[in-house]
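Worksheet: the structure to be examined is printed underneath.
Here, each number is a calculation from the coordinates, and none is a lab measurement. Just so you know, these numbers come straight off a predicted model, no measurement behind them. We place every Cβ from the backbone using ideal geometry, glycine too, and count neighbours over all the protein chains shown.
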Amino acid sequence: MQHAGPPQLRLEIGSLRHEVAPGFVYDTTSYNGQVPAPVLRLRQGVPVTMEIVNNTAFEEYVHWHGLEVPALLDGTMEEGSLAVPAHGRIQYALTPHQEGVRWIHSHAMSHPRLDRGVYSGQYGIVYVEPKNNLGAYDREFFLATHEWGAEMQQIPDSEEDTEEAEDFGPVGLPSGGSWEVQYDIGSINGKALGAAEPLRVREWERVLFHILNASATVTQSFALPGHRFEVIALDGNTVSSPREVEVLQLGPGERISALVRMTNPGVWIFGATRGSDRVDGRMGIVVEYSGRSGTPQWKDPVLQPWDYAIFSDARPQPKLAPEQLIPMVIDREEAADGMEMWTINGKNYDGVPMKLHAGLRYRLLFENRSDEDHPVHLHRHSFELTRLHGRAMGGLWKDVVLLKRYASLEVDFTAIYKGLSLFHCHQQMHMDRGFKKLFEVI
């Protein structure tokens, strides 16, 4: 760890009563007294000294998601990172080597509470100024999505079970039955659709949108009617093949940077394509052209399957052969308490690290045997997508990838950073139920 001099940035963890919309007020924890945290702008390759102050009664971990930092600073209990003690503080220096949109969030385990960890307001975008500009643009917006009012709800197996379904608040999980996390309301930059100031633009501008899905559990798709997105970066990494799409999809933890040409004057809704999330959950924000007013408009987009491959190399080049193939078979079992338990290669998380050797290239062979999607994330490393649904691809680097239900996926990474690195599903409920694995680079 680099020597920490006087702090240049300060992150303060504290309690906050946050209004998402009139009538939707939540007691949460946040960074620097707001949700999301103010955007942290860092410079690639330039060290920065952080002071983190914890004004709560709980020990906290601040995770630098997408940055390749020492395990001591990564902000995870499983890796032996520095914890921020209750009513205490820590200080350290780190150097951001990866450019683009990264983020910070609490990595405290939420189970059994649904008001801690990534369910809380502890999240914010970290933007590492790239050495090479992402492209010419006139304006940029940073948007972070989140949901509020998490509750465990029983999903009835039959009509006879419906009357027995119960709701459980944020302080405890039930045992038994089939359960899912449900929410009251969604937000972009901490506010529900209609409760925030519009994003104001001018005709003919090129606007760069940086979008983070800071949800604990929900994959979202977004559209801006009458406009198309030119995707230029995924998870902060410039894509090999920028492509225009009508709809963006982000699993929990994923980020997209996309350019939009503002050529359709009016007042529009940038919002979730799923009507229940946009209308009932109010997941969206108004985009208002200069000189225009009126009721914000929405038009359902033409939905197409989200395909990472279109952003990869058009003709994948031969790659270095990995030194080791690591099967990662994902499945679900019923736990002793009647709830789900997730396994990797037939094992629930046991905390025993798998040894990797520094400098060697590894390939993770994912096979999802479940009927759920999984946003899988590897700490302190980026990985290259090499095969998706049997199709070879390359040149696309990420740190979270949405592994679809009953799908296969292969990714390569080089074990560069010594120490422990955590792999897990970024769907918080899945992680809480054992969907994680520990690697140790020696």
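The table below lists the values:
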{"read-out": "Restricting the stretch 416-442 to residues that are under 17 Å from the mean Cα position of the chain (by Cα) and hydrophobic (A, V, I, L, M, F, W, C), the residue that is farthest from Val400 (Cα to Cα)", "value": "Met429"}
{"read-out": "Of all residues making up the stretch 42-57, the number that are exposed (fewer than 13 other Cβ atoms within 10 Å of the Cβ) and either in a strand (DSSP E or B) or not small (Gly, Ala, Ser) (or both)", "value": "1"}
{"read-out": "Qualifying residue in the stretch 335-347 (condition: within 22 Å of Glu79 (Cα to Cα) and either among the aromatic types (Phe, Trp, Tyr) or part of a loop (DSSP other than H, G, I, E, B) (or both))", "value": "yes"}
{"read-out": "Strands (runs of 3 or more DSSP E) completely within the stretch 357-440 that count 2 or more residues being touching a helix residue (DSSP H, G or I) at 6+ places or on another chain (Cβ under 8 Å)", "value": "383-388, 419-425"}
{"read-out": "Pairs, first over 17 Å from Leu320 (Cα atoms) in the stretch 346-362, second among the hydroxyl-bearing types (Ser, Thr, Tyr) and outside any loop (DSSP other than H, G, I, E, B), C-beta under 8 Å, six or more apart", "value": "Leu356/Tyr362"}
{"read-out": "Subset of the stretch 70-98 (residues that are crowded, with 16+ Cβ neighbours inside 10 Å, in contact with an Asp or Glu (Cβ under 8 Å, 6 or more places away or on another chain) and over 17 Å from Ser382 (Cβ atoms))", "value": "Ser81, Ala83, Val84, Arg89, Ile90"}
{"read-out": "Output for the stretch 80-112, where each listed residue is without any contact (Cβ under 8 Å) to a residue 40 or more places away in the chain, over 20 Å from Asp399 (Cβ atoms) and not β-branched (Val, Ile, Thr)", "value": "Leu82, Ala83, Pro85, Ala86, His87, Gly88, Arg89"}
